[in-house]
Amino acid sequence: MAVGVSSIELLSACSRLLDLLNAPQDIPFLSSLIQREIIYRLLRSPQGQHLRAIATSGEQSHRTARAVSWLRANYAKPLRVEELAAVAQMGLSTLHHHFRSLTAMSPLQYQKHLRLHVARERMLNDDLDVTSAAFEVGYESISQFNREYSRFFGQPPKRDVKARRLALAEATRD
């Protein structure tokens, strides 16, 4: 993972891509060109080395990125690290090492973060109750979900969702 300051040129390209939404007839012709420019600008940035490493087929980071993608698609399933290592075509210790260097967390922590974020989003956007959200993202124990949610977001799910909805309502009123 890398964070950096965006250049004016990169922001301009992103803005032009968004502007295409106002001219749908131009999308088929210009969108791929602007996307290529964005990729070029990202590759030329100080963080470009990270993107190149992920994109380079056969490298450890590419294999790790495959594991991350698999986890994002299968976050609700029970995690078997052996299965994840097979997806990444790596040994267990190699996977753990590279996964942590790419995401700054273990595969299990990453899955937990994904589950909690998706559950929060489902409760906020789809008005799902806590129990349904917990089961939907793969938790088998509501009390465990409540503990982990509170630890991660700072308050229990119901209170957090209520507070976020209030904050959103206040922000839209202003």
Return the residue satisfying two criteria in turn: it lies in region 86-96 and is over 20 Å from the mean Cα position of the chain (by Cα) and in contact (Cβ under 8 Å) with a residue 12 or more places away in the chain, and of such residues it is most open to solvent (accessible area, probe 1.4 Å).
-> 89
Note down all Cβ pairs under 8 Å where the first residue falls in region 109-121 and is over 16 Å from residue 135 (Cβ atoms), the second is open to solvent by 30 Å² or more (accessible area, probe 1.4 Å) and part of a helix (DSSP H, G or I), and they're at least six residues apart or on different chains.
-> 113/152
Of the candidates 116, 95, the one satisfying the condition of being closer than 21 Å to residue 70 by Cα and either touching a Leu at 6+ places or on another chain (Cβ under 8 Å) or of a type in the set (Lys, Arg) (or both) is 95
The residue from 30, 102, 42 that alone is at pLDDT 95 or above and under 30 Å from residue 10 (Cα atoms) is 30
From the list 106, 93, 143, 132, which one is among the hydroxyl-bearing types (Ser, Thr, Tyr) and closer than 22 Å to residue 3 by Cα?
-> 106
Of everything in region 117-129 that's within 20 Å of residue 77 (Cα to Cα) and assigned to a helix (DSSP H, G or I), which residue is most open to solvent (accessible area, probe 1.4 Å)?
-> 121
Which one of the conditions (1) farther than 17 Å from residue 137 by Cα; (2) hydroxyl-bearing (Ser, Thr, Tyr); (3) open to solvent by 50 Å² or more (accessible area, probe 1.4 Å) does residue 69 fail to meet, given that it meets all the rest?
-> (1)
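Every residue, every condition in (1) open to solvent by less than 30 Å² (accessible area, probe 1.4 Å); (2) at pLDDT 95 or above; (3) in a loop (DSSP other than H, G, I, E, B); (4) polar (S, T, N, Q), yes or no:
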site	(1), (2), (3), (4)
98	no, no, no, no
108	no, yes, no, no
112	no, yes, no, no
115	yes, yes, no, no
139	yes, yes, yes, no
147	no, yes, no, no
158	no, yes, no, no
166	no, no, no, no
Where residue 78 falls short, out of the listed (1) out of contact with any helix residue (DSSP H, G or I) (no Cβ under 7 Å at 6 or more places or on another chain); (2) farther than 30 Å from residue 169 by Cα; (3) assigned to a helix (DSSP H, G or I) = (3)
Inside region 1-26, can you point out the residues that are assigned to a helix (DSSP H, G or I), open to solvent by 60 Å² or more (accessible area, probe 1.4 Å) and either within 30 Å of residue 110 (Cα to Cα) or aliphatic (A, V, I, L, M) (or both)?
-> 8, 11, 18, 21
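The values are calculated or read from the model by the stated rules, or taken from the named source; none is laboratory data. Just so it is clear, the structure is predicted and the values come from calculations on it, not from any experiment. Virtual Cβ from ideal backbone geometry, glycine too; neighbours counted across all protein chains shown. Only protein heavy atoms, including side chains, enter the accessible area calculation; ligands, DNA and RNA are left aside. Shrake-Rupley method; radii C 1.70, N 1.55, O 1.52, S 1.80 Å.
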